[in-house]
Amino acid sequence: MATPVIDIRKVHRVYESAAGYAHVLKGVSLQVPRGELLCIMGPSGSGKSTLMNILGCLDTPTSGTYLLEGLDTAVLTDDELAELRATRLGFVFQSFNLLPRATVLRNVALPLSYTDVPKAERRERAEDALMSVGLPPAFFDHRSNELSGGQMQRVAIARALVNDPAVILADEPTGNLDSATGRMVLETFERLRAQGKTIVLITHDASVAAWADRTVHIRDGRLLTDEEEREAVRLAGERGLT
């Protein structure tokens, strides 16, 4: 079988503070094959953001294994992890995280400025990334603060694509958008998945999860089957927690 792009095995994450220990992830295992659009769903405090940080090499497990394209991230130095984030991972955030007064092209080309890519090639790759998410060339020289929310999110997706990453990690990418604009963004992800991109999308919205090839549920730091999630929701409803 082909090596999964993402392969995490029995991952735990424990945080220590003056208040004591917080066991946020509890033995999480997950494999994501190349070309899958995966959704991770969970309520607030479930551990989904911690899981996303580990997948994005922004945090490290307390125990367990995380293989990215077969590479054990635990053996990498801080510099090697930074290079991995810059070259093999693309990030899309709910709040876009664009430079407001910079042009669309400059925003998208920004990750390439930390590499040895020549300036002319940076522009070409930024243009290609923008075309792939369906933003017309007429907008390329606009400042990002002149765009609509949907257009800004497309720019953010193009920025995530510009280094041709192995995985795109999207954290609530439609959270600040109306339903029609959110649909356009999800259609963009769907096209990218059809082109072979691997996408992991975090959401609490079932209508967003419906776009995924597969959905996994996280609750209290554990991944649940669909049946276990339904039972957890039922019990929470009985206790007045939903």
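Are any of the residues in segment 112-123 crowded, with 19+ Cβ neighbours inside 10 Å and modelled with pLDDT under 90?
Yes, the conditions are met somewhere in segment 112-123.
Do you know which residues across segment 38-61 are assigned to a loop (DSSP other than H, G, I, E, B) and over 9 Å from Ile202 (Cα atoms)?
If the condition is that a residue be assigned to a loop (DSSP other than H, G, I, E, B) and over 9 Å from Ile202 (Cα atoms), then Pro43, Ser44, Gly45, Ser46, Gly47, Gly56, Cys57, Leu58, Asp59, Thr60, Pro61 are the ones that fit.
Applying the selection to segment 210-232, what residues are among the aliphatic types (A, V, I, L, M) and either free of Cβ contacts under 8 Å to residues at least 60 places away in the same chain or under 25 Å from Arg13 (Cα atoms) (or both)?
The answer is Ala210, Val216, Ile218, Leu223, Leu224, Ala232.
Collect the residues in segment 124-139 that are hydrophobic (A, V, I, L, M, F, W, C), crowded, with 16+ Cβ neighbours inside 10 Å and under 22 Å from Gly182 (Cα atoms), keeping them in residue-number order.
Scanning segment 124-139 gives Ala129, Leu130, Val133, Leu135, Phe139.
Just to be sure I understand, how many residues within segment 131-156 are assigned to a helix (DSSP H, G or I) and either within 11 Å of Met184 (Cβ to Cβ) or in contact with a Cys (Cβ under 7 Å, 6 or more places away or on another chain) (or both)?
Number of matching residues: 5.
Residue check: is Phe93 touching a residue at least 60 places away in the same chain (Cβ under 8 Å), in contact with an Asp or Glu (Cβ under 9 Å, 6 or more places away or on another chain), buried (at least 16 other Cβ atoms within 10 Å of the Cβ) and under 26 Å from Asp178 (Cβ atoms)?
Criteria met by Phe93.
Name the residue, out of Thr73, Thr103, that is in contact (Cβ under 8 Å) with a residue 12 or more places away in the chain, buried (at least 17 other Cβ atoms within 10 Å of the Cβ), under 17 Å from Met52 (Cβ atoms) and more than 17 Å from the chain's Cα centre (by Cα).
Of Thr73, Thr103, the one residue that is in contact (Cβ under 8 Å) with a residue 12 or more places away in the chain, buried (at least 17 other Cβ atoms within 10 Å of the Cβ), under 17 Å from Met52 (Cβ atoms) and more than 17 Å from the chain's Cα centre (by Cα) is Thr73.
Going by the structure shown, is Leu67 within 24 Å of Ile199 (Cβ to Cβ) and buried (at least 18 other Cβ atoms within 10 Å of the Cβ)?
no
Of the residues that make up segment 167-174, is at least one farther than 20 Å from Thr203 by Cβ and aliphatic (A, V, I, L, M)?
No, segment 167-174 contains no residue that is farther than 20 Å from Thr203 by Cβ and aliphatic (A, V, I, L, M).
Mind listing just one residue for me: the one in segment 76-100 that is within 20 Å of Asp7 (Cα to Cα) and hydrophobic (A, V, I, L, M, F, W, C) and, of those, farthest from the chain's Cα centre (by Cα)?
If we take residues in segment 76-100 being within 20 Å of Asp7 (Cα to Cα) and hydrophobic (A, V, I, L, M, F, W, C), then Leu76 is farthest from the chain's Cα centre (by Cα).
Checking Val24 against (1) within 21 Å of Leu84 (Cβ to Cβ); (2) in a strand (DSSP E or B); (3) not hydroxyl-bearing (Ser, Thr, Tyr): exactly one of these is not met. Which one?
All conditions are met except number (1).
Take Ala210 and tell me if it is buried (at least 21 other Cβ atoms within 10 Å of the Cβ), within 19 Å of the chain's Cα centre (by Cα), modelled with pLDDT of 90 or more and closer than 26 Å to Ile54 by Cα.
Judged against the criteria, Ala210 is not a match.
Given Thr174, Thr203, Thr181, Thr198, which one is among the polar types (S, T, N, Q) and modelled with pLDDT of 95 or more?
Thr198
Say whether the condition of being more than 28 Å from Val233 (Cα to Cα) and either over 16 Å from the mean Cα position of the chain (by Cα) or at pLDDT below 95 (or both) is met by at least one residue in segment 7-17.
Yes, segment 7-17 contains a residue that is more than 28 Å from Val233 (Cα to Cα) and either over 16 Å from the mean Cα position of the chain (by Cα) or at pLDDT below 95 (or both).
Consider Ser144 carefully, then state whether it is among the hydroxyl-bearing types (Ser, Thr, Tyr) and crowded, with 20+ Cβ neighbours inside 10 Å.
Yes.
The values are calculated or read from the model by the stated rules, or taken from the named source; none is laboratory data. Since the model is a prediction, treat every value here as computed from it, not as a measurement. Methodologically, a virtual Cβ is constructed for each residue, glycine included, from the backbone with ideal geometry; neighbour enumeration extends over all protein chains shown.
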